[in-house]
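Have a look at the structure below, then the notes.
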Amino acid sequence: MSDRLRNLPSVNKLLAEAEEAGLLDSAPRAVVADAIRASIEAARSRDGASPQFGWIADVEREIGERTRMSLTRVVNATGVVLHTNLGRAPMPDAARKACIGGFGYSTLELNAATGHRGSRQTRLRSLLAEITGAENALVVNNAAAAMFMLLNTFADGGETIVSRGELVEIGGAFRIPDILAKSGSVLVEVGTTNRTRLSDYRLALSPNTRVLLKVHQSNFLQLGFVEETTLADLVSLGQARNIRVIHDVGSGLLIDLSEHGLKGEPLVSDSVAAGAIVVFSGDKLLGGPQAGIVVGPTSLIDRAAANPLARALRPDKVTIAALEATLALYRDPAVAIREIPCLAMLTADPRDLEKRSQQLAELVPGAETEPGESAIGGGAFPGVHLATTLVVVEAPSADAFLASLRGNDPPILARTANQRVIFDVRTIADDEIPIVAQAIQTIRDCV
Ligand SMILES: *Cc1c(COP(=O)(O)O)cnc(C)c1O
């Protein structure tokens, strides 16, 4: 054993020094002791070499790693608007404010006028009806949960017919055939990968058919020799035989964005008007908290609400507050586009993006701007390319530069292309531009 290894300090000695330095005021003794053991262990693996900046500084860093909140703010400079790793949709200010009302005691299940018990979803249900044109609505924890609950309500013990082109996998291991099997329904596949006609569904009908399921191919595109059956045709087929039609539209597009070049996602209100039970997420294009939303006729929504799964999968009070505040913005589409961050980012004026990219580039000597494209993410609008202006920084190692950006406080997420580091201002807030500029300079000075 080397002398250095033999001379490593003991836990007790460092604990006394840590106490002297006031570290026990910042964390419980057990956490400090654990940090000290980790610091000594790390020195042991360096053949006994002391920490570069001294023992106490190293222990402090270890304490920081153990006490820092796991969710911290990051700057999204990737231009990917609905970034799954970064929590999908950033929430509107109105949602942040509304959440606070849910932290203490609240009117969650109280009708303040009568003093009697109320329902936690009354306002959400009426807002969703108003915005989507549906008769009624029900909210659960996420869209996968909503699908599970609906299939279990309407097709447990019976058959669900799905096109082979729509047996999709969404990120995070959500697969339509698996959720169907867990719900207790039997999957009946019809058509082919690229083409499924109404006659395919008709021929597959049996006395056990309970549901015709249509799933939006949200995260990929099929081009060429393709054909799918319209929702309206499925609804007329189902209606004649008392079979439910469920449309999983994925993203929750509540207003038409085609004039901004955003085409190809189904509008929730169109699917409602076609007569389907419609399912979508709260934290994709809708731009609110994680939630699974079901809208449709009251008689069917009531049946789903009576399923014990609706209770098991119900949303919590903070989600309800944030979702209600987000939905309320949709009462005026112009307000929604301005106030809901993901909609504002998706519809940003290219000239404004150019101006903001120049602002960033001017703060960073040597940075250039060039035309480029932003991605939307979250499985929405897969074929759409949004024009943007990128800020480009040359670096000896682009990957090392990205890693240093992630190590910044707050962490900054960017992209690389051809060994250059790329920043897209579409997803960078105005007050984050100086933060990004400062980080780029600091990292450059170090490498
Ligand atoms: C995203 C998506 C889901 C899952 O939604 P979560 O809210 O993440 O559970 C289901 N179906 C489709 C078509 C989707 O795009």
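Condition check ((1) among the hydrophobic types (A, V, I, L, M, F, W, C); (2) under 25 Å from Leu253 (Cα atoms)) across all residues:
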{"residue": "Lys182", "(1), (2)": "no, no"}
{"residue": "Val190", "(1), (2)": "yes, no"}
{"residue": "Leu203", "(1), (2)": "yes, no"}
{"residue": "Leu213", "(1), (2)": "yes, yes"}
{"residue": "Gly224", "(1), (2)": "no, no"}
{"residue": "Glu227", "(1), (2)": "no, yes"}
- Item | Subset of segment 230-256 (residues that are modelled with pLDDT under 95 and either in contact with a Phe, Trp or Tyr (Cβ under 9 Å, 6 or more places away or on another chain) or among the aliphatic types (A, V, I, L, M) (or both)) | Ala240, Gly250, Ser251, Gly252
- Item | Residue count for segment 216-245, restricted to those that are touching a residue at least 40 places away in the same chain (Cβ under 8 Å) and either touching a Leu at 6+ places or on another chain (Cβ under 6 Å) or farther than 20 Å from Pro297 by Cβ (or both) | 11
- Asp283 meets each of (1) more than 13 Å from the ligand (Cβ to nearest atom); (2) touching a residue at least 24 places away in the same chain (Cβ under 8 Å); (3) of a type in the set (Asp, Glu) with one exception, condition (1)
- Item | Failed condition for Gly383, given (1) out of contact with any helix residue (DSSP H, G or I) (no Cβ under 8 Å at 6 or more places or on another chain); (2) within 16 Å of the ligand (Cβ to nearest atom); (3) at positive phi | (3)
- Look at Arg120 and say whether it is outside any helix (DSSP H, G or I) and basic (Lys, Arg). yes
- Kindly provide the set of residues from segment 163-182 that are part of a strand (DSSP E or B), within 12 Å of the ligand (Cβ to nearest atom) and either touching a residue at least 60 places away in the same chain (Cβ under 8 Å) or among the aliphatic types (A, V, I, L, M) (or both), ordered by number. Ile170
- Message: Looking only at segment 244-273, filter to residues that are within 16 Å of the ligand (Cβ to nearest atom) and within 29 Å of Asn208 (Cβ to Cβ); which one of those is surrounded by the fewest Cβ atoms within 10 Å (Cβ to Cβ)?
- Response: Pro266
- Note on the structure: Scanning segment 286-298 residue by residue, the ones that are within 24 Å of the chain's Cα centre (by Cα), more than 14 Å from the ligand (Cβ to nearest atom) and surrounded by fewer than 24 Cβ atoms within 10 Å (Cβ to Cβ) total 0
- Verdict on Ala276 being crowded, with 18+ Cβ neighbours inside 10 Å, within 12 Å of Val140 (Cβ to Cβ) and at pLDDT 95 or above: no
- Subset of segment 195-243, residues surrounded by fewer than 14 Cβ atoms within 10 Å (Cβ to Cβ), within 16 Å of the ligand (Cβ to nearest atom) and either of a type in the set (A, V, I, L, M, F, W, C) or part of a strand (DSSP E or B) (or both), comes to Phe220, Leu221
- Message: Please verify whether Glu189 is surrounded by fewer than 18 Cβ atoms within 10 Å (Cβ to Cβ) and either within 16 Å of the ligand (Cβ to nearest atom) or aromatic (Phe, Trp, Tyr) (or both), treating the condition exactly as stated.
- Response: no
- Keeping to segment 401-434, report how many residues are hydrophobic (A, V, I, L, M, F, W, C), more than 24 Å from the chain's Cα centre (by Cα) and within 28 Å of Gly64 (Cβ to Cβ). 2
- Note on the structure: Looking across segment 335-380 at residues that are in contact with a helix residue (DSSP H, G or I) (Cβ under 7 Å, 6 or more places away or on another chain) and among the basic types (Lys, Arg), the single one that is surrounded by the fewest Cβ atoms within 10 Å (Cβ to Cβ) is Arg338
- Item | Filter result (within 15 Å of the ligand (Cβ to nearest atom) and either among the charged types (D, E, K, R) or not in a loop (DSSP other than H, G, I, E, B) (or both)) within segment 139-157 | Val139, Val140, Ala143, Ala144, Ala145, Ala146, Met147, Phe148, Met149, Leu150, Leu151
- Message: Against the condition under 22 Å from Val295 (Cα atoms), surrounded by 13 or more Cβ atoms within 10 Å (Cβ to Cβ), β-branched (Val, Ile, Thr) and within 31 Å of the chain's Cα centre (by Cα), how does Thr122 come out, does it pass?
- Response: no
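The values are calculated or read from the model by the stated rules, or taken from the named source; none is laboratory data. Please read these numbers as outputs of a predicted model, since none were measured by experiment. Neighbour counts are summed over all protein chains in view; Cβ atoms, including those assigned to glycine, are modelled from backbone coordinates with ideal geometry.
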